[in-house]
Amino acid sequence: MGELSYIGKSFRRKDGPDKVTGRAMYSQDVKLPGTLIGRILRSPHPHARILRIDTSKARALPGVKAVITVDDTKGIKHGFVETPRYPPDQEVLARGRVVHVGEEIAAVAAIDQLTARQALELIEVDYEILPAVFDPDEAIQPDAPQIHPTHPKAQVPFSNIGGRTATGWGDVEAGFAESDYVREDRFESHLRTHGYLEPHTTIAHWENERLNVWTSSMGTFIKRAKLAKTLDLPYSAVRVHKAYVGGTFGGKIDLYSHEYCAARLSMITRRPVRIVATREDIFAAYRHGQPLAMEIKTGVKKDGTIVAQQIRVINNSGAYRGSGVVVIFLAWGFTMIPYRIPNLKYEGLSVYTNYTVRAPQRGHGCPQIRFAIESQLDRIAEDLGIDPVTIRLRNARKPWEELPNGDNVHEAGLIDCIKVAAEKSDFLGKYGKGRKAASTIRRGIGMGVSGYFGGSLIYPNGSGVIVKMNDDGTPTVLTGGIDVGQGSETVISQIVAEELAVNIDDVKIISSDTDTTPQDIGAWISGMTYVTGNAARQAAGNVRQQLLDLAALRFNVDIKHLGIKDRVIFNRNDPGQRMTYREIIAHSIATRRGDTIIGEGFWRTMRDEPTHPSLATTKGRWSENYAYSCQVAEVEVDIESGEARLIKALTVHDCGFPINPALVKGQIDGQVSMALGHAFLEEVLTKNGYTLNPTWLDYRMPTIHEMAASDDADVITEQYVVGKPYRTKEVGEGLVSGILAAIANAVYDATGVRLTSTPFTPEKILKGVRKLAREGKGRQ
């Protein structure tokens, strides 16, 4: 079809006008007559037995329409993971015991906020306080308070183990014996929250024996599945409507109790019920990211070639399993992807504590494990007298390598990413020079490498798209894909416009409604552009083929002689023979018994694999799509105050090819900002299960004043050809990881202080600088 018209070009976002004009309808903007206000009673204790709940006074309060406790539920459990090995472990309301501060105990529906709040105050709950444990190293001890029994298949002599991942290949001990240099280190990451600006909001309306739901989420189909299951309803009785979403970053995937409570209260009252979480609730009781402790032992040859690696990851999963058993699996995967490791022994432990449940957060373990591995790799390089660029090139995976789990990296661009990043940043020209500055402001440069997967087999495993041609020749696309700010509707429109040779503004999108659109994987596991995008390409290609077939029949010519442009099909050998899409559709309806033109597409990653890999053993295929990146950070550190800031970030990445470069750039800058917050600013402060900084005033997020200059470059390894499947790679999560590691390495380059835990606070940096000065190693 010649040069591409829409793919690879930056077009205005489809949702842009609605958002900047205020027309966008978020869940909180949905107004239904007679809506009641829902509120939730939460536990004030981290661990306690519930002796008595008395809701009689609340029920008697004028204006209260319903009150529910666990006795008003079906007792059906749910979980982020629901597999035979890891069955659902959490009820929607606490039964007999609470295991973290903020756990949901009861919910009310009332005519207004004041009445709802008064009703909560009238609910009487008697507790027996139980011992609690908050540190995973303490929680695994035999005499620790038991939150839940250790998983029977974990096969470890520890308490409170929610799950275990154990895997490896080769002979690690032989590898260490063969190594010329072996190093052991421990790294820790801290607790952060997602920082989405739109709070959790749900409005539910039970009407005509069907449940209608608007909720802030990352996928309408996964929400429908979870609600239908816990409410014991058929899927067909639950409709999750489209609503704009104000940020997620991994924090709105799973079922939340407020969503269930809004639905159940509506079913009881037969009126709409709205529940909006306060920001204080979100900080104190909702799900945050995954803090990891990582113990790494690595053996290398004198030239820096990795021979063997042994890794142990401990996750503080909170009071229920959450995504804890997933993050310890993923940390293994993010170890495997970038570098060749001939011999590996890996163990991950997910540990229950009396903290709130954990959820995925952008990168889901990748920033933590890459920070640890890349920091240690720099240490090894320095000890061996090798520069950071050379040691990474020596171990980087090459195109078409097969990973130990059987996946193939295809056209992996990691080596090119490292080379381009080193050249564009003048890395070797700047490295090691910052500590020689005469002033107290020291400048350093650091590098970090990462790899990330794009799409895996998680419910519903694939995405469907329908393209329906209208009588005027324009296409309407029906997709279950949800746009949470990443630009999915824009990307899908570009693909359809390219395949059908129509103007992008002519493409209309109907999305993320469980009643009217096909199933979709949702905006997680970084698979939307590859999975949903290929389904859209397939559906549009099916439409294109129907149009060409009809035109060829009408012109009495072979299809190979036909061309398409601007909603017109023409005979290349006889330009007078031409039909508009409108004319072809009318012809189809007139001659084919009213048959209009509709195309269907469905895409499933690894379509020949029966299921996802084992979370416990890692056996099985994981993904058929891997993206690679190398990132460079330049920092300034004041060695008198310990204050550090990111000055410049460079991201060189292999995303296959950018469908919309502006959207890719936005993803890169957003991840640099998030990594900056991870490194220097953000931390959920807790004590004995209570959140100490539950507001934006106390939780520091990057603002325009902290932002760094962010540059980027693409390493193009794939191409888009009209009518053929494509292999674009993810760009929404993996780029938050290498830059965090690069910042840590840059701080070291500037100061000589090696930080092994996040965040990189002034106190930690000053402590390190003073220690170096006492030891006579500091360069003042």
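The values are calculated or read from the model by the stated rules, or taken from the named source; none is laboratory data. Everything numeric here is computed off the predicted structure, so don't read it as measured data. Please note: Cβ atoms are built from the backbone with ideal geometry, for glycine as well, and neighbour counts cover all protein chains shown. Note: areas computed on protein heavy atoms with side chains; ligands, DNA, RNA excluded. Shrake-Rupley method; radii C 1.70, N 1.55, O 1.52, S 1.80 Å.
Taken together, the residues in region 627-638 that are out of contact with any Gly (no Cβ under 6 Å at 6 or more places or on another chain) and either modelled with pLDDT under 95 or open to solvent by less than 10 Å² (accessible area, probe 1.4 Å) (or both) amount to 3. Among residues that are touching a residue at least 40 places away in the same chain (Cβ under 8 Å) and outside the structural domain of ARG279 (by TED's automatic domain parsing), ILE203 is not included. Here the strands (runs of 3 or more DSSP E) wholly within region 417-499 that include at least 2 residues being among the small types (Gly, Ala, Ser) are 441-453, 462-469.
Each residue in region 66-95 was checked for being in contact with a helix residue (DSSP H, G or I) (Cβ under 8 Å, 6 or more places away or on another chain), among the small types (Gly, Ala, Ser) and without any contact (Cβ under 8 Å) to a residue 60 or more places away in the chain, and 1 pass. Being in contact (Cβ under 8 Å) with a residue 24 or more places away in the chain, open to solvent by 20 Å² or more (accessible area, probe 1.4 Å) and part of a loop (DSSP other than H, G, I, E, B) is true of ASN405.
Please tell me if ILE386 is among the β-branched types (Val, Ile, Thr), at pLDDT 95 or above, more than 22 Å from PHE760 (Cβ to Cβ) and part of a loop (DSSP other than H, G, I, E, B). The answer is yes for ILE386. Is it true that some residue in region 630-650 is assigned to a loop (DSSP other than H, G, I, E, B) and in contact with a strand residue (DSSP E or B) (Cβ under 8 Å, 6 or more places away or on another chain)? Among the residues of region 630-650, at least one is assigned to a loop (DSSP other than H, G, I, E, B) and in contact with a strand residue (DSSP E or B) (Cβ under 8 Å, 6 or more places away or on another chain), which makes the answer yes.
Counting the residues of region 286-328 that are part of a helix (DSSP H, G or I) and open to solvent by less than 10 Å² (accessible area, probe 1.4 Å) gives 4. From the list ALA586, ALA535, ALA523, the one residue that fits, being under 24 Å from THR474 (Cα atoms), crowded, with 19+ Cβ neighbours inside 10 Å and in contact (Cβ under 8 Å) with a residue 24 or more places away in the chain, is ALA535.
Look at TRP214 and say whether it is open to solvent by 30 Å² or more (accessible area, probe 1.4 Å), in contact (Cβ under 8 Å) with a residue 60 or more places away in the chain, outside any helix (DSSP H, G or I) and not assigned by TED's automatic domain parsing to the domain that holds GLY406. For TRP214, the condition - open to solvent by 30 Å² or more (accessible area, probe 1.4 Å), in contact (Cβ under 8 Å) with a residue 60 or more places away in the chain, outside any helix (DSSP H, G or I) and not assigned by TED's automatic domain parsing to the domain that holds GLY406 - is met. Within region 465-488, the set of residues being at pLDDT 95 or above, closer than 18 Å to ASP513 by Cβ and open to solvent by 10 Å² or more (accessible area, probe 1.4 Å) comprises ILE466, LYS468, THR476, LEU478.
Each row is one residue, and each column tells you yes or no for (1) closer than 30 Å to LYS398 by Cα; (2) part of a strand (DSSP E or B); (3) modelled with pLDDT of 95 or more.
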{"position": "THR703", "(1), (2), (3)": "no, no, no"}
{"position": "ASP712", "(1), (2), (3)": "yes, yes, yes"}
{"position": "VAL721", "(1), (2), (3)": "yes, no, no"}
{"position": "THR728", "(1), (2), (3)": "yes, no, no"}
{"position": "VAL731", "(1), (2), (3)": "yes, no, no"}
{"position": "LEU755", "(1), (2), (3)": "no, no, yes"}
{"position": "ILE765", "(1), (2), (3)": "no, no, yes"}
{"position": "GLY776", "(1), (2), (3)": "no, no, no"}
